[in-house]
Amino acid sequence: MNETRIYSVAEAIVALGYDGIAAFDRAEPEYETLQTLYDRFDSAEHVKLLALCAATQDYQLNGDAQAFWRALDRTVREYETLDSAQTVRDVLGDFMAADVNARLNDQKRDRLIRLFENGFDEWFLDTHESAAPIEVWERLAADMETRKRAKTVVFAMKVYDIAHLVRHGEYLEFPSDIPIPCDLQVERVAQTAGLTERDDAETVMGGWAHVMETISARLGRHVSLLRIDSIVWQAGQIIGNHEPNRTSAREALVDHFEHVGIPADDADYLARELTAEM
């Protein structure tokens, strides 16, 4: 890991302030879908369950994350109510037929079946109001029969966190060591920002953890890697669309950051740091 680059990237994110960092969550693909679901259905707990379970399928897409969450929204529009575990299962079953889920479709269906056979949906509906976020995290991993740090499990926790934010106006309290959901975009920005020379998941997660620790120390409050992930993931998608043209990528990043609400100078500073080694 490159400590100099870790500090430089962290400083560019610190310049946003905590509110600027959190603003990126509102630009995540799932955010608008969650708003729509809460507006359409009365049962917040079933919306949270649907979003959390759907998030476990957000990988190896036939398209992008935006298409994934739009497809979920279209699927749910066919339902008048969302007020039982069975309805959530039915929605997810129909959702698996969407084109965006065509890749590894049997594997994805098996994951959902495993999750439901192990009773996650009923457990969540019965206990989520009293269960600490780490309990939900541990139970989801156990019922998916995988590791807590697995990318899809951690991403599902991020969606659960944002679902709570949309509904209640505040974040959940996850342990400070929850990792960044390490996907292609996160790995890409670790390289273009110069954090790491290696792109294996553990090295990349370690690099971003060091960035988080520096940001938290500088701001005097804990800043979750789930917040930093929104910045990094959105940047990674944009950089991927413009590689290897650094100038074009930076211009597109600045446009996006300003759209999120970041002042022009801070947007330019962040774009330069995230593409320093591109």
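The values are calculated or read from the model by the stated rules, or taken from the named source; none is laboratory data. This is a predicted model, so every value here is computed, not measured. Methodologically, a virtual Cβ is constructed for each residue, glycine included, from the backbone with ideal geometry; neighbour enumeration extends over all protein chains shown. For accessibility, only protein heavy atoms count, side chains too; no ligands or nucleic acids. Shrake-Rupley method; radii C 1.70, N 1.55, O 1.52, S 1.80 Å.
If the condition is being surrounded by 13 or more Cβ atoms within 10 Å (Cβ to Cβ), more than 23 Å from Gly206 (Cα to Cα) and of a type in the set (Val, Ile, Thr), then segment 116-149 contributes only Val136.
Residues checked against (1) among the hydroxyl-bearing types (Ser, Thr, Tyr); (2) modelled with pLDDT under 95; (3) outside any loop (DSSP other than H, G, I, E, B):
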| residue | (1), (2), (3) |
| --- | --- |
| Gly63 | no, yes, no |
| Ala67 | no, no, yes |
| Asp94 | no, no, yes |
| Ile134 | no, no, yes |
| Thr146 | yes, no, no |
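So, of the residues in segment 97-115 that are of a type outside the set (Val, Ile, Thr) and crowded, with 18+ Cβ neighbours inside 10 Å, which turns out to be farthest from Met157 (Cα to Cα)?
The selected residue is Ala98.
The set of residues from segment 186-200 being open to solvent by 20 Å² or more (accessible area, probe 1.4 Å) and either touching a helix residue (DSSP H, G or I) at 6+ places or on another chain (Cβ under 6 Å) or within 23 Å of Asn241 (Cβ to Cβ) (or both) comprises Glu187, Arg188, Gln191, Asp199.
The residue of segment 53-67 that is farthest from Ala141 (Cα to Cα), among those that are hydrophobic (A, V, I, L, M, F, W, C) and surrounded by fewer than 24 Cβ atoms within 10 Å (Cβ to Cβ), is Ala67.
The set of residues in segment 96-130 that are within 21 Å of Leu37 (Cβ to Cβ), at pLDDT 95 or above and in a loop (DSSP other than H, G, I, E, B) comprises Met96, Ala97, Ala98. Given the conditions (1) assigned to a helix (DSSP H, G or I); (2) within 25 Å of Gly169 (Cβ to Cβ), which single one is not true for Leu82? It fails just one condition, (1).
Filtering segment 165-177 to residues that are crowded, with 19+ Cβ neighbours inside 10 Å and touching a Leu at 6+ places or on another chain (Cβ under 6 Å) leaves only Val166.
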